[in-house]
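Asks: Sharing a structure below in structure tokens format, with a few things to ask.
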Amino acid sequence: TRCTVLFSTLLWSNSNPTQTYESCVLKSTTSYSAAQLNGQNVTNCTLIVTNTYGQTLRGLVAYNTVVYNSATPSNYGNFYNCTGNYNSSSDASATGANSVDSITTSAFNAYGSGDYTLAGTGSALYHLGTSAQAPALDHDGVAFDASNPSIGAFEVAGGGDTAVSGITDDLTLT
């Protein structure tokens, strides 16, 4: 279930049965695009979008997921009509009482260069997730912290986090 999805206009998923996205990175490749995953489950995912409309995630269950939107949504927040907890957003819409709002690009290692791994132990997303919903491995095959995983698709390697080698099941769709 670890994946990378690059999209240029609208990534729309409204499938039945419900799909689960774990440790995925979804990134827009144009100045206006949106990823609307209706009725899906997302856990420890990172979404990087430019979406002036909002509703990046809509009507789904989200845990440990971050949405960074380089635009300011005019109509709806990044998390719209969602349930879940321990999420993060660049606006004030992250779902759940234990979520973090208004994150900046400083949460990521090198946002401007397309590196959306966490900015080390000082990241605003570091070890703020819930282990109850976290998958075993992050996007790169690093084990999520067993007690307090980070929010998003990436865990910070080191400090007890162990990288797993030989992971080759990543998929990029364009």
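The numbers here are math on the coordinates, done by the rules we state, and not lab data. Source: prediction; values computed, not measured. With ideal geometry, Cβ positions are generated from the backbone for all residues, glycine too; neighbour counts draw on all protein chains shown.
Asks: Which distance in nm do the two modelled labels at Asn109 and Thr83 give, with both placed 7 Å along the Cα-to-Cβ direction?
Replies: If labels sit at Asn109 and Thr83, their model points lie 3.6 nm apart.
Asks: Still on this structure, please answer the following. How much length is gained if the chain between Asn75 and Ser147 is pulled fully straight, taking 0.36 nm per residue apart and subtracting their Cα-Cα distance, in nm to one decimal?
Replies: Stretched fully, the Asn75-Ser147 segment lengthens by 22.3 nm.
Asks: Next up: To the nearest 0.05, what FRET efficiency results for Ala136 and Ala92 with a Förster distance of 30 Å applied to their C-beta separation?
Replies: That gives a FRET efficiency of 0.45.
Asks: Go through 108-118, 137-147 and give me the packing order, highest mean Cβ count within 10 Å leading.
Replies: Top to bottom by mean Cβ count within 10 Å: 137-147, 108-118.
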